[in-house]
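Scroll down for the structure; my scribbles are underneath it.
The values are calculated or read from the model by the stated rules, or taken from the named source; none is laboratory data. Keep in mind that this is a model prediction, so the values were computed, not measured. Glycine gets a Cβ as well: all are built from the backbone with ideal geometry, and neighbour counts include every protein chain shown. Accessible surface is based on the protein model in full, side chains and every heavy atom, while ligands, DNA and RNA are left aside. Shrake-Rupley method; radii C 1.70, N 1.55, O 1.52, S 1.80 Å.
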Amino acid sequence: MILILLIIFNFHFLSPETNKPTSEVVKVIDIKQNYIIADTDNEQVYLYNVFNVGYGDVLEIEGNYEEVYSLQNFYLYNFMDYSHKKGIHYQMYVNDYTILSKNRSIKNLLFEYIQSIDKDELRSYLLQIFYQIKDDNYIELLFLSGFHLRFLVKVMNKLIKVNKSLLLSVVMLGYTFLFPIRFFIRYLFFRSSIDFLMKHINTKNRFGVTIICLLLMNPFVVTEFSFMAIFIFNTIQLFKVKRLSKLLLPSSIMLPLQLYHFHEINIMMLLCYPILQRVHLLLMVCAIVSVLFHPLSSIFVYLISMYEWLILVFQDLYTFIGKPNIVWMLLWFLVLLKTTVELKKKYIVCFVLLLLYQQNMDSLQLFGEVLFIDVGQGDCILIREPMFGKTIMIDVAGSFRYELAEEVIYPVLKARGIKKIDMLIVTHDDYDHNGSLDDLKELITIDEVYTEIDMLELDSIELYNLNTEAKFDDKNENSIVLYGTIYGFHYLFTGDAGIPFEQAIMEEYQHLPVDILKVSHHGSISATTKDFLHFIDPLVGIISSGRNNSYGHPDDQVVDNLHKQETTVLDTQQNGSVQIYYFHNLLFMRTMSNEFGIIIKVKL
């Protein structure tokens, strides 16, 4: 354990500083669905808008390097953090490129041949299983852990009577000669080699040596799905596992891991996981045979079509969504360890109770929540009541760079276990406030959409529209402006209303106390004057703006006005998503950039 901590410390705190690349000549080292990874100036970078290149190709590119950045939201995959752990800090949206030299290795020739296959189903399947260039998460899950290759070697071992570890090592060497090296390949190679060379030590120690070797190469791999699946599966296998438990073991491990990483799992597919492994092995063999004997490719296309039809049938039966918390994960694996020793009814009951909680996690939240989702240059605010309460959303921004509904907003809802939105309020008709509405409707049930509203009154929420009359010429000025209390704390959601609205409010009301202010118009100079801030005196001002936006939001004067009012300023482009939990007179706040705060409302 001490050795593992030292390895992680060395990588985390003593990793070398990186400099912005300057070279326009790069070498392709990996190819993904939407980008490539290239090497330049002894540093890896992401390149977008580059197509029809192969592994090892040398390119001359035109464009500007920029730091790797992604929207920062709780519960979602953090691409920026993942990239930094891999040592990748810069990216480029390439304007133009020239291939200076083509790599003619067997690996690259095979990749080019697979890309040229005219059967879409066959080509797509091969790219997924051998290159992880994929568009289907479940197929990826079956291959990320390497279970399919171990099963293939097991079958081969029955046909070829040689040492199993030696056979696995040879297969892995052949695999790395033809295809890109992935984590599960490294694991299987190290494990088989150590098993073959260190027969004199016991299985537990050989497994431990394998893990240490992998962590020496990259200690941050502990956060990846493939490592977790392999580590947990093999750790539990070290115990004496009952036969029935062994049959259920793969499914029991995949369920919490897939929920934790992908926030969704189909129960029918989970129960059939051992069968699906064998089905995919058969499909993999058929795909390889189809490449070697092209006339047989029609048979593979028929088989994969049947498989995809069955998957669609399964998906309509029963699906769990939601990211489980750490306590739930620990309880699940604790019960799983117990069942490996002895399968008792009380353990089955524990599994059922955990699943019931997970399925209803959206209704069993002890605390209410206000979540400012990081959508870049736009607004999207989620409000949830505790314990079987309502779910409200204010605005649903669109973007010309991201598919926000599919990539950000719905994944956040899915991770929280939210199955429907009771009310969605659109403050005004601007793309950065309603641009994802139609897309979101396709992904989740929305009971009611309001473009006009006078008041919103629920068990713990009372919000009133302060701007009910369309008395301004500018649509921004006519934004729905919601003011009121959420569990006793005063909120003001301003949309894009500007200075004319602020002046009207100061004339109409003698006092308007605000604890949490959604700063108007993304921090534009068109609103948030000194006088208005003095009038409402907010404790916290939250700005929803996009990184490097063309408008220069938030304006320096607005930020200065907030600071002079001694208002804590949080900006999504700097702090990422802002999450507020509330319970009676207690409010707890945190941001993706690790700021924390507590506000206690004292009744005098």
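Observations, loosely collected:
- Listing of strands (runs of 3 or more DSSP E) fully contained in region 473-548 that carry 1 or more residues being among the basic types (Lys, Arg): 516-518
- So Ser116, is it out of contact with any Leu (no Cβ under 7 Å at 6 or more places or on another chain), free of Cβ contacts under 8 Å to residues at least 40 places away in the same chain, surrounded by fewer than 17 Cβ atoms within 10 Å (Cβ to Cβ) and hydroxyl-bearing (Ser, Thr, Tyr): yes
- Every condition in (1) in contact (Cβ under 8 Å) with a residue 60 or more places away in the chain; (2) open to solvent by less than 20 Å² (accessible area, probe 1.4 Å); (3) among the polar types (S, T, N, Q) holds for Gln91 except the one numbered (1).
- Whichever residue in region 334-353 is touching a helix residue (DSSP H, G or I) at 6+ places or on another chain (Cβ under 6 Å) and aliphatic (A, V, I, L, M) and, among such residues, is surrounded by the fewest Cβ atoms within 10 Å (Cβ to Cβ): Leu343
- Here is the figure for region 253-297: residues that are assigned to a helix (DSSP H, G or I), touching a Lys or Arg at 6+ places or on another chain (Cβ under 7 Å) and closer than 26 Å to Phe231 by Cα total 2.
- Residue count for region 505-519 satisfying the condition of being without any contact (Cβ under 8 Å) to a residue 40 or more places away in the chain and under 13 Å from Thr494 (Cα atoms): 2.
- Tally of residues being open to solvent by 60 Å² or more (accessible area, probe 1.4 Å) and assigned to a loop (DSSP other than H, G, I, E, B) across region 462-472: 4
- Being over 18 Å from Met393 (Cβ atoms), of a type in the set (Gly, Ala, Ser) and open to solvent by less than 80 Å² (accessible area, probe 1.4 Å) holds for only one residue in Gly484, Gly498, and it is Gly498.
- Inside region 32-58, residues that are at pLDDT 90 or above, in a loop (DSSP other than H, G, I, E, B) and of a type in the set (D, E, K, R) make up a count of 1.
- Taking first residues from region 441-455 that are closer than 14 Å to Met393 by Cα and of a type in the set (Ser, Thr, Tyr) and partners that are assigned to a strand (DSSP E or B) and open to solvent by less than 70 Å² (accessible area, probe 1.4 Å), the Cβ contacts under 9 Å between residues at least 6 apart in sequence or on separate chains come to Thr445/Ile421; Tyr450/Met423; Tyr450/Leu424; Tyr450/Ile425; Tyr450/Leu456; Thr451/Ile425.
- For Asp459, the conditions (1) in a strand (DSSP E or B); (2) in contact with a Gly (Cβ under 7 Å, 6 or more places away or on another chain) are fulfilled apart from (1).
- Evaluated against (1) closer than 26 Å to Pro219 by Cα; (2) free of Cβ contacts under 8 Å to residues at least 24 places away in the same chain, Ser23 falls short on exactly one condition, (1).
- Of all the listed residues (Gln358, Gln377), the sole one being open to solvent by less than 10 Å² (accessible area, probe 1.4 Å) and either in a loop (DSSP other than H, G, I, E, B) or more than 23 Å from Leu586 (Cβ to Cβ) (or both) is Gln358.
- Selection within region 558-597 - open to solvent by 80 Å² or more (accessible area, probe 1.4 Å) and outside any loop (DSSP other than H, G, I, E, B): His563, Lys564, Gln574, Phe583, Phe596
- Among the residues making up region 200-241, those that are of a type in the set (Ser, Thr, Tyr) and either within 20 Å of Leu259 (Cα to Cα) or surrounded by 13 or more Cβ atoms within 10 Å (Cβ to Cβ) (or both) are Thr210, Thr223, Ser226, Thr235.
- Failed item in (1) closer than 17 Å to Asn95 by Cβ; (2) at pLDDT 90 or above; (3) surrounded by fewer than 18 Cβ atoms within 10 Å (Cβ to Cβ), with Ile29 passing the rest: (1)
- Hits in region 534-569 - residues which are in contact (Cβ under 8 Å) with a residue 60 or more places away in the chain and not aromatic (Phe, Trp, Tyr): Leu539, Ile542, Ser544, Ser545, Gly546, Arg547, Asn549, His553
- Here Leu437 meets each of (1) touching a helix residue (DSSP H, G or I) at 6+ places or on another chain (Cβ under 9 Å); (2) within 23 Å of Asn548 (Cβ to Cβ) with one exception, condition (2).
- Residue match in region 189-196 (condition: outside any helix (DSSP H, G or I) and at pLDDT below 80): no
- Inter-residue pairs, beta-carbon under 6 Å, first at pLDDT below 95 and in region 476-493, second open to solvent by 30 Å² or more (accessible area, probe 1.4 Å) and basic (Lys, Arg), 6+ apart: Gly488/Lys601
- Hits in region 304-349 (condition: within 29 Å of Lys420 (Cβ to Cβ), among the charged types (D, E, K, R) and out of contact with any Phe, Trp or Tyr (no Cβ under 6 Å at 6 or more places or on another chain)): Glu308, Asp316
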